[in-house]
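Asks: Let me begin by handing over the structure; questions about it come next.
The values are calculated or read from the model by the stated rules, or taken from the named source; none is laboratory data. Because the structure is a prediction, the values reported are computed rather than measured. A quick note on method: Cβ atoms are made from the backbone with ideal geometry, for glycine too, and the neighbour counts reach across all protein chains shown. SASA here: full protein model, heavy atoms, side chains in, ligands and nucleic acids out. Shrake-Rupley method; radii C 1.70, N 1.55, O 1.52, S 1.80 Å.
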Amino acid sequence: MIVYLDLLILDNFCADAALLYCAVRTVKGEVRWLRIALTAALGAALGTGYAVFTLYYTLPAAVGFIVRWGVLFVLPLPAASFKYKRTYLLCSLAFVGYMAAFAGILTALFARGEPGTAGGELTYTVGGIPSGVLVAGCVAFAFAAEHFVRRLTARAEIISCTCRCTLRLGEQSVTVRGFVDTGNRLRDRRGRPVAVAERGALAALLAEQLLKGRVPSENIVVRTVNGRSRLSAVRIDRLEIYCGDRMNTIEDVTVALSPDPLAGEYGLILPSSFAKEKDFQVSGGEGC
């Protein structure tokens with residue numbers, strides 16, 4: 001019998017890494033790729049060594065059974081750390097369950113006897129690709145899909161909290177997406193809520209005033225855990241907030257300049273109080 005060690009090692013490593021990841025996620029453990037990779041490498045070494053050993057020596061059936069299943073139960077233990085001891089047992093059971101399930105599926109779908117080989121040797125490849133690599137590919141696809149769905153969901157949640165806003169100053173106007181942020185509690189010297197805009201939006205709105213050198217501004221104090229800082233702010237004539245077919249018009253609004261670029265989905269951070277602040281002159285709807 002010919003044994004290709006490179007394929008055997010690759011097959012064991014990929015299968016062990018993929019199924020260890022599934023087992024750790026099943027018991028809600030913290031996934032640490034380095035630990036999983038090292039554990040998978042250990043499993044590949046043990047699996048390859050056992051396969052080579054059995055080519056030259058025959059173990060009693062009971063001993064072979066204990067060795068194979070013992071490794072399956074012990075292998076997941078160093079793959080992650082858990083707070084409770086019972087979680088280690090659950091992780092081992094999940095790993096063994098996944099191993100048995102995948103082995104059964106692969107055997108049913110891809111196992112075939114090689115003609116002319118003694119004892120009807122079985123191979124587990126599809127198009128020359130080892131079964132372990134196929135398992136790892138499936139798990140990697142599921143991981144990528146989950147990551148993509150999470151990012152898509154997060155983006156949808158952000159967009160659901162945004163609305164179209166138009167800032168007006170004299171004859172100039174700029175339309176951006178506004179994000180309603182309950183954490184925005186900035187106030188100007190009059191005690192009124194302050195919106196925060198990215199640099200590009202304010203530059204376009206103040207282009208004419210900048211050319212004439214007439215841009216009255218004030219400083220807004222920002223308090224964070226790192227201390228106090230100041231943002232430059234200007235007052236605009238009005239802010240129009242569109243929510244579906246409704247529009248709120250807020251007169252005489254203070255807009256601060258963000259020192260950092262805002263997220264790509266919006267260019268203006270709105271205080272939630274804009275929708276309910278009675279000190280503003282609001283017309284045409286109830287807000288977002």
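Asks: At 1.4 Å probe size, with no ligands or nucleic acids counted, give the accessible surface of D188 in Å², nearest ten.
Replies: 10
Asks: Above 20 angstrom, tally the Cα pairs of the stretch 11-112 and express them as a % of all pairs, no decimals.
Replies: In whole percent, the long-distance tail amounts to 40.
Asks: Determine, for each peptide in 265-271, 197-203, the mean count of other beta carbons within 10 angstrom over its residues, then list the peptides with the highest first.
Replies: For the peptides 265-271, 197-203, the packing ranking is 265-271, 197-203.
Asks: Return one whole number: the accessible area per residue of the stretch 1-71 in Å², for a 1.4 Å probe.
Replies: 63
Asks: Under the Karplus relation 6.51 cos²θ - 1.76 cosθ + 1.60, θ = phi - 60°, what is the ordered set of whole-Hz ³J(HN,Hα) values for the stretch 50-65, x standing for Gly and Pro?
Replies: 5, 4, 5, 4, 6, 6, 10, 10, 10, 8, x, 4, 5, 5, x, 5
Asks: Can you sort I220, I66 by 1.4 Å-probe accessible area, starting with the largest?
Replies: Accessible-area ranking of I220, I66, largest first: I66, I220.
Asks: Suppose accessible area is computed on protein heavy atoms with a 1.4 Å probe; arrange S229, S273 from highest to lowest.
Replies: Result of the area sort, largest leading: S229, S273.
Asks: List, in order, the whole-Hz ³J(HN,Hα) value for each residue of the stretch 90-96 obtained from phi through the Karplus relation with A = 6.51, B = -1.76, C = 1.60 and θ = phi - 60°; use x for Gly and Pro.
Replies: Each residue of the stretch 90-96 in turn: 5, 5, 5, 5, 5, 5, 4 Hz.
Asks: Hey, another quick one. At 25 °C and 0.890 mPa s, what whole-number value in µm²/s does Stokes-Einstein give for the translational diffusion of the stretch 11-66, with Rh from the Kirkwood sum over Cα pairs?
Replies: Rounded, D is 195 µm²/s.
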